[in-house]
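Take a look at the structure set out below.
The numbers here are math on the coordinates, done by the rules we state, and not lab data. None of these values were measured; they are calculated from a predicted model. Quick reminder, even Gly has a Cβ in these numbers, built from the backbone with ideal geometry, and neighbours come from all protein chains shown.
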Amino acid sequence: MLTRQWVCLLILLVTLVCAGCSARDVGMPNRAVSADFTLNILPESYYGGAAECAWETGVELTESGCIVRVKTTGADSQKALYFDLGYDAETMHPVAAEPVGSALECELLNVSILDDRGTVHFGMILPNPDQKAGFSGDGVLAQVEFKYGAAEENRRVSGVPTDHYSSAELRNWNSPSLVWYSTFSGDCNQDGIVTVTDLTPIGVNYGIAFTPENFWMDGSLLYAVDTDRNFEITVADITAIGRNFGKDVLGGFNVYQSTDYLDFPSSNDEPNGPGAALIGNVAFKGADPQKKYKLGYSFEVTSPDESSYYWIRPVDSSGNTGTPSRMITQIGLNTSREDAGAAELLWDDENSNLVWGYNFPGDYNQDGLVTLFDLTLVGVHYRKQGPFAIDSTEALVDSNHDQIISVRDFYNVAVHFDKPFNGYRVFRSDDPTDYPLYNDSQPTIDPFTDHTYVSSEYEGPRDIWVRHIETPGSGMYYWVRLVDQNGLCGTPSNMIQIP
């Protein structure tokens, strides 16, 4: 009788356990799985006018954790899916999130954020969704895999962007106004904050390859979508969403002024120098769903000063400042963290000479001043493609070193218009870390020597500069930099080491 009672009790317990499991549940892990999964479907899931539909989660237990599947019922032309999935971070942690099943029978673009403790953020979209029908009916579209064990403390840091690609595109001085485009890497829909829904513009424009003309001159929205700046929309552009997820520029843009160029921040996340003055803030404009162009801004300087330097920094919703724009001034060089203006430095071991080609972006007739006349050579060599010999006119006009003469080289005339050139400074060090961290970082060591510019009216092959080094020093490092009349140094050349 006693044995029969134990058998009945065992059957009852098994029945109760199974009653709480999905039909897909497998195995009988020794740990319980919290049922507190909270699914939040974001409205951007209904791209292209897809009808709203029902969503639910199904949990499959595994020996080491569980799999949560996201299923739709009654979908009609579903082309995208964006959701936040809340979970109990004290008992489990996510290890993967991905599209599943054959409901959408093609390779989907997707992005997942797994290191925001307590919430999984996931997004996916059909590539070129306007050309596809989407999914209709019932089916599982995505899944998230969890393992037992508490999630790590939150490694996801919100704040302001400090990466190189998030530098505001500050145009040349246009007295009395400063003009710039917002450039926030990962914020592809330009709403001021990076979320998984920034995947949509990448999907819509997926596979588009375009020319620098479209990229730089017409303010195309493709500039915001092409996050890796390679003139093509690919899966690589998704990386910036993961890098800057949760960061924002909703505090607008701060405008700074200083009479000392050393007040410019030494790195993207460093504060300005003590002499930098905040002269204004321009509010973030907000997203426009119909906008096809980059967000443009301007600020009128009430008392322009020829001896002052100006730059822009984005501000997040907490007041933190991020990556600075390039620094510009009414006279003298405009500095930039872009790789424009770098001389190609070579070592002539036989004659103990440093050798480099003249490269002041925009000064294509090599007279030491950027004027409208410099546009002529861009027109003459327009669309020619490299590789170009170092002493050729084409190498001079290809001031961006991208092996093609394009509108970007016209653009450098606008960037450096009316800017004078005052020669090069040669730097030498036995420590390679003395090489500037950024193109616009000012020297931390004294120059080895100056190389004064001598104006040349010769219109032909590129001027080649030579500096003889009497005692070069084995193992020493050398580089050269543009310098203006104020002593401000521009983009460094490559660094070479003496054998």
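Miscellaneous remarks
- Packing rank of 63-74, 430-441, where each peptide gets the mean count of other beta carbons within 10 Å, highest leading: 63-74, 430-441
- Cross-link pairs exceeding 29 Å in C-alpha to C-alpha distance, out of LYS132/LYS285; LYS285/LYS384; LYS247/LYS384; LYS247/LYS419; LYS294/LYS419, comprise LYS132/LYS285; LYS285/LYS384; LYS247/LYS384; LYS247/LYS419.
- Charge sum, other residues only, whose C-beta stays under 12 Å from GLY137's C-beta, Lys/Arg counted +1 and Asp/Glu -1: -1
- Inter-part distance where the range 224-294 and the range 45-69 are each reduced to a Cα centre, Å: 35
- Estimated inter-spin distance, GLU52 and ASP434, nm [label 7 Å along Cα→Cβ]: 6.6
- Summarised as an ellipsoid, the range 164-329 has semi-axes of 28, 17, 14 Å, derived from the eigenvalues of the Cα gyration tensor scaled by 5 and square-rooted, with the largest first.
- Cβ-Cβ FRET estimate between MET495 and LYS147, R0 fixed at 51 Å, reported to 0.05: 0.65
- Cβ-based charge dipole, the range 216-255, positive-most Cα from LEU221, ALA240, GLY251: GLY251
- Per residue, the average separation of C-alpha pairs within less than 8 Å and at least 6 apart gives the range 345-497 a relative contact order of 30 percent.
- Taking Cβ atoms as reference points and 12 Å as the exclusive limit, the residues near PHE360 contribute a net charge of -2, counting Lys and Arg as +1 and Asp and Glu as -1.
- Order of HIS93, HIS401 under a 10 Å beta carbon neighbour criterion, fewest first: HIS401, HIS93
- Calculated FRET efficiency, THR234 to LEU372, Cβ-Cβ distance, R0 = 25 Å: about 0.10 to the nearest 0.05.
- Residues whose placed amide H lies under 5 Å from that of ARG156, excluding near-sequence neighbours: ARG117
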